[in-house]
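The values are calculated or read from the model by the stated rules, or taken from the named source; none is laboratory data. Nothing here was measured: the structure is a model prediction, and the numbers come from that model. A quick note on method: Cβ atoms are made from the backbone with ideal geometry, for glycine too, and the neighbour counts reach across all protein chains shown. Calculation scope for accessible area: heavy atoms of the full protein, side chains included, ligands and nucleic acids excluded. Shrake-Rupley method; radii C 1.70, N 1.55, O 1.52, S 1.80 Å.
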Amino acid sequence: MLQFEKVQAIQDTILAATIGDKEQLEEFRVRYLGTKNTIKPLFAEMRNIPNERKKEYGQLLNAVKQSAETKFQEASESLTAAAANEVEPIDLTAPSEPMELGSRHPVSLVLNQMIEIFDRLGFVVAEDMEVEDDWHNFTALNTPPDHPARDMQDTYYILNDPTRLLRTHTSSVQSHVMMTQKPPIRIIAPGRVYRNETISSRAHCQFHQVEGLYIAEKVSFADLRQTIYYFAKEMFGATKIRMRPSFFPFTEPSAEVDVWWGMETEADKRITKGTGWLEILGCGMVDPAVLENCGIDTEKYSGFAFGMGVERIAMLKYQIDDIRLLFENDVRFLKQFKKTAVF
Ligand code: PHE
């Protein structure tokens with residue numbers, strides 16, 4: 001019968017239909033599920049169907065309606081899922097996001113500058129262990145176990161091993177270098193040191209030092225003074241330095257060096273404690289006993305050594321009044337050094 005064929009034809013087109021986008025989906029809806037859909041008129045044909053086939057015809061129509069609904073449902077679900085997975089197309093001509101550059105830590109900035117200044121004078125970088133033995137840190141440097149100078153530096157010893165410690169100064173690198181190299185020796189030793197200090201705005205239990213050591217024939221105190229003067233001039237733009245007598249077990253004579261900072265502003269007065277001078281380092285002529293301990297001929301060679309705290313220099317240079325800021329890694333603090341960063 002004609003009606004049956006029509007219904008069957010519609011069923012076939014529904015099953016074969018492809019719905020690839022929203023427009024096709026809408027078209028499909030209007031055609032098979034809308035108010036004027038193509039299935040509706042076939043329901044009206046019911047009255048022309050002989051009674052004995054009415055049931056069969058009705059079932060066929062319902063099946064067509066059903067498959068239109070299923071098809072619509074499935075297509076609409078898969079289109080929504082595809083839309084969710086869709087990636088925004090990349091615009092290759094778009095300008096890039098501004099990239100935030102990091103900054104060097106003020107301690108690194110100062111350390112690098114120090115290395116660079118001494119490099120110009122021919123000093124090369126030497127490094128050694130932070131977990132050190134007692135001999136290299138103290139005994140070789142004229143500080144035997146019962147020496148009162150050991151009290152000057154509160155030492156962290158390694159648990160259950162009184163011969164091992166965290167180095168208290170980078171002077172320990174001097175001992176290693178003198179034991180393994182022949183003069184002329186001209187090194188600086190930057191690195192971390194440890195002391196059992198109560199942490200405050202002025203002291204920390206871990207900090208950095210730069211050690212300098214120069215050993216050759218006929219090295220004099222004048223050489224030491226001139227080296228330090230050059231450093232102070234390059235680092236601080238200082239025009240005047242002064243040396244005050246001091247004591248270290250491994251140097252003789254020993255001195256502490258102050259640079260002239262100035263006394264003009266209130267800040268100058270505060271930083272220099274009302275004197276105009278700033279202490280920056282300790283130094284002296286290497287004690288012959290130290291040279292002998294490390295197998296260097298004292299008839300032929302002499303030398304000088306100096307040591308300074310990197311944090312102290314950084315605090316002076318950038319006018320930072322609390323050493324703890326240098327260890328907290330608060331980005332609000334660190335960001336201020338961006339402009340001075342060297343890449
Ligand atoms: N090691 C000394 C200190 O840590 C500094 C120093 C080094 C002094 C070399 C003289 C010579 O205080």
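Residue by residue, here is whether (1) exposed (fewer than 15 other Cβ atoms within 10 Å of the Cβ); (2) assigned to a helix (DSSP H, G or I); (3) not assigned by TED's automatic domain parsing to the domain that holds A232 holds:
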site: K273; (1), (2), (3): yes, no, no
site: L281; (1), (2), (3): no, no, no
site: I296; (1), (2), (3): no, no, no
site: G307; (1), (2), (3): no, no, no
site: L316; (1), (2), (3): no, yes, no
site: R332; (1), (2), (3): yes, yes, no
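Has segment 300-316 got at least one residue that is modelled with pLDDT under 90, touching a helix residue (DSSP H, G or I) at 6+ places or on another chain (Cβ under 9 Å) and at negative phi? Yes, some residue in segment 300-316 is modelled with pLDDT under 90, touching a helix residue (DSSP H, G or I) at 6+ places or on another chain (Cβ under 9 Å) and at negative phi.
The single condition from (1) modelled with pLDDT of 95 or more; (2) open to solvent by 80 Å² or more (accessible area, probe 1.4 Å); (3) assigned to a helix (DSSP H, G or I) that Q336 fails is (1).
Residue check: M178 meets all listed conditions (1) among the hydrophobic types (A, V, I, L, M, F, W, C); (2) open to solvent by less than 10 Å² (accessible area, probe 1.4 Å); (3) within 31 Å of the chain's Cα centre (by Cα); (4) more than 11 Å from the ligand (Cβ to nearest atom) but one, namely (3). Against the test of being out of contact with any strand residue (DSSP E or B) (no Cβ under 7 Å at 6 or more places or on another chain) and either assigned by TED's automatic domain parsing to the domain that holds I296 or away from the ligand (no atom under 12 Å from the Cβ) (or both), the options Y230, Y214 yield a single qualifying residue, Y230.
Checking the condition of a type outside the set (A, V, I, L, M), open to solvent by less than 60 Å² (accessible area, probe 1.4 Å) and out of contact with any His (no Cβ under 7 Å at 6 or more places or on another chain), which residue from Q59, Q66, Q113, Q73 passes?
Working: Q59 fails: open to solvent by less than 60 Å² (accessible area, probe 1.4 Å); Q66 fails: open to solvent by less than 60 Å² (accessible area, probe 1.4 Å); Q73 fails: open to solvent by less than 60 Å² (accessible area, probe 1.4 Å).
From the options Q59, Q66, Q113, Q73, the qualifying one is Q113.
When P253 is tested against (1) crowded, with 17+ Cβ neighbours inside 10 Å; (2) more than 10 Å from the ligand (Cβ to nearest atom), just one condition goes unmet, and that condition is (1). In the set (1) part of a loop (DSSP other than H, G, I, E, B); (2) closer than 30 Å to M179 by Cβ, L111 fails one condition alone, (1).
Among the residues of segment 120-149, those that are under 28 Å from the mean Cα position of the chain (by Cα), surrounded by fewer than 21 Cβ atoms within 10 Å (Cβ to Cβ) and either of a type in the set (D, E) or outside the structural domain of L166 (by TED's automatic domain parsing) (or both) comprise E127, D128, E130. Taking the conditions (1) surrounded by fewer than 16 Cβ atoms within 10 Å (Cβ to Cβ); (2) closer than 20 Å to Q226 by Cβ; (3) at pLDDT below 90 in turn, D321 satisfies each one other than (2).
Residue pairs, Cβ under 8 Å, 6 or more apart or interchain, first in segment 11-38 and assigned by TED's automatic domain parsing to the domain that holds K65, second among the hydroxyl-bearing types (S, T, Y) and open to solvent by 60 Å² or more (accessible area, probe 1.4 Å). List them. As it stands, the answer is Q24/T18; R31/T38; Y32/T38, since those pairs meet every condition given.
Between D223, D268, D258, D297, which is farther than 15 Å from I313 by Cα and within 16 Å of the ligand (Cβ to nearest atom)? Answer to the check: D223. Residues considered: E197, E234. Of these, the only one that is open to solvent by less than 80 Å² (accessible area, probe 1.4 Å), of a type in the set (D, E, K, R) and touching a residue at least 60 places away in the same chain (Cβ under 8 Å) is E234.
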